[in-house]
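Data block below; observations after.
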Amino acid sequence: MKNTAFTKIHESLGAKMVPFAGYNMPVQYEGVNAEHETVRTAVGVFDVSHMGEIWVKGPKALELLQRITSNDVSKLEDWQAQYSCFPNDKGGIVDDLIVYRFDAENYLLVVNASNIDKDWKWINQHNTECATLVNASDETSLLAIQGPKAMATLQKLTDTDLSTIGFYTFRRATVAGVPDVIISATGYTGEKNSFEIYFANDDGIKLWNAIFEAGEEFGIKPIGLGARDTLRLEMGFCLYGNDLNDTTSPIEAGLGWITKFPDYKHFILREHHEKIKNEGPKRRLRGFEMIDKGIPRQHYEICDEQGNVIGEVTSGTMAPTLKKAIGMGYINSEHSAFDNEIFIKIRDKMLRAKIVKFPFYKG
C-alpha cells in the first residue's frame, strides 16, 4: 500500500483511512455530511495525490494525443486544459482524463489513480509517433482547494492574480515560497473559483501547513474521499469504474461534448462512435431523483412500471446539500426522456424515481 506525502497528517487528524487504488487514503475525518457542507459553504482541502500524472513531450506529442484521445487537442492554446477520454479498441473507454497544454511540445495528462498502470501501458502501446513519455505519478503531489473561499485562501500565498486563471486554464506560480507550483482552475466538486495544485512531494508538508494557516479564518477543513464522491455526484460528474468503464461509449455516457469528429482527427475507433452519435445510442446515462424513500446504489436494477428491467444504477447517494436521494445510471433510450417516472428496485421493492437533467445541484 502506497502512502502520499500527507498520510501521517491524515492519521494524526484522526482520519478513517482505507485502501483505495493501491494507496492508503482518508475516506473521512469528522463525517461525510459535515465535510460536504464545508466545501459548499467555505473551503475544504482534498489530498488527491493518488491521481496519475503522465507527460507527453516532443514534436509528435500533439499527433499522438489526437489519435488516443476523444477531444480535439489541437484547439488548446498554451496554459489551457481539456477534459477528454481514451477510447479503447472495443467501443468503450480506457479512462477519462484532463489534458494540460504547456506549449506545442509539452502536455501533461492527469489520469485516474486506479488506471495509472493501464493508461501508461495503453499510451506506450499506441505511441507509434515515438513521443517522449514520462510517468511522474510517484513524485507528484496534488491538493484540491475547493469551495467559495478557496480563492481567498490561496491568494494569500501567491503573487499570481488568481482571478485571471479562468475555468480550465492554469499557471505556474510560486505558492508559499515554493516555486513551479501548477495552479489549475479545475476540480471535481462543481464549486466555482476553486483550484487544484500540483507540486513535488518534498514540498507537500510546507504547502499543506501554509494553506491551512491561510484558510483558518474561513473555517478550512481537510476533506476525505467520501465527501468527494457525494460532491461530484450532486454535479452529475462521472466516476470511472462506476459510470464509465471499458464497455461504455462516451456518446451514451453523455460525453459527446468531449468526442469530436473534425475531418483531421482520426482517434481510435472513431467510426464506431460517430455511428452511435448519428444513429443515437441504445442506452443513455441519466440522472434521477427518488420520489419514494430509499437510497439507490450501484448495480440496482432500473425498471419500468410493469417491472421490466430497463437499466442499471451506476452511482447513488443521499445528497447532503439537496437533502434528497439521487442517482445516475444507464437507461434504455426509449425510456430515457426527462421527467419520465422510473422505478428503482431496492430490497425487492419497486420505488418511484424521476429522470432529471444534470447537474442535480445548481449552486
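Laboratory data are not the source of any read-out in this text; all were calculated from the coordinates shown. Just so it is clear, the model here is predicted, and its values are computed rather than measured. Cβ: placed from backbone, ideal geometry, glycine included. Neighbour counts: every protein chain shown.
Before moving on, here are some points about what is shown:
- Residues that are part of a strand (DSSP E or B) and surrounded by fewer than 22 Cβ atoms within 10 Å (Cβ to Cβ) within the range 29-62 comprise Ile54, Trp55, Lys57, listed in sequence order.
- Filtered residues of the range 147-159 (kept if on the phi < 0 side of the Ramachandran plot and part of a loop (DSSP other than H, G, I, E, B)): Pro148, Lys149, Lys156, Leu157, Thr158, Asp159
- When restricted to residues that are in a loop (DSSP other than H, G, I, E, B) and at negative phi, the range 122-146 contains 6.
- Lys8 being surrounded by fewer than 16 Cβ atoms within 10 Å (Cβ to Cβ) and without any contact (Cβ under 8 Å) to a residue 12 or more places away in the chain: yes
- Among the conditions (1) under 30 Å from Ile268 (Cα atoms); (2) without any contact (Cβ under 8 Å) to a residue 60 or more places away in the chain, Asn127 misses just one, which is (2).
- Residue within the range 243-250 that is farther than 17 Å from Met328 by Cα and not in a loop (DSSP other than H, G, I, E, B) present: no
- The listed residue being touching an Asp or Glu at 6+ places or on another chain (Cβ under 7 Å), hydroxyl-bearing (Ser, Thr, Tyr) and within 29 Å of Thr69 (Cα to Cα), out of Tyr240, Tyr264: Tyr240
- Where a residue in the range 247-273 is touching a residue at least 24 places away in the same chain (Cβ under 8 Å) and its partner, wherever it lies, is among the acidic types (Asp, Glu), with Cβ under 8 Å and at least six apart: Ala253/Asp243; Leu255/Asp96; Lys260/Asp72; Pro262/Asp72; Lys265/Asp72; Ile268/Asp89; Leu269/Asp89
- For Lys118, the conditions (1) under 27 Å from Pro26 (Cα atoms); (2) surrounded by 19 or more Cβ atoms within 10 Å (Cβ to Cβ); (3) of a type outside the set (Phe, Trp, Tyr) are fulfilled apart from (2).
- Out of Ala150, Ala173, sole residue that is surrounded by 19 or more Cβ atoms within 10 Å (Cβ to Cβ) and either closer than 23 Å to Thr321 by Cα or of a type outside the set (Gly, Ala, Ser) (or both): Ala150
- Qualifying residue in the range 199-215 (condition: under 22 Å from the mean Cα position of the chain (by Cα), surrounded by 20 or more Cβ atoms within 10 Å (Cβ to Cβ) and within 23 Å of Glu77 (Cα to Cα)): yes
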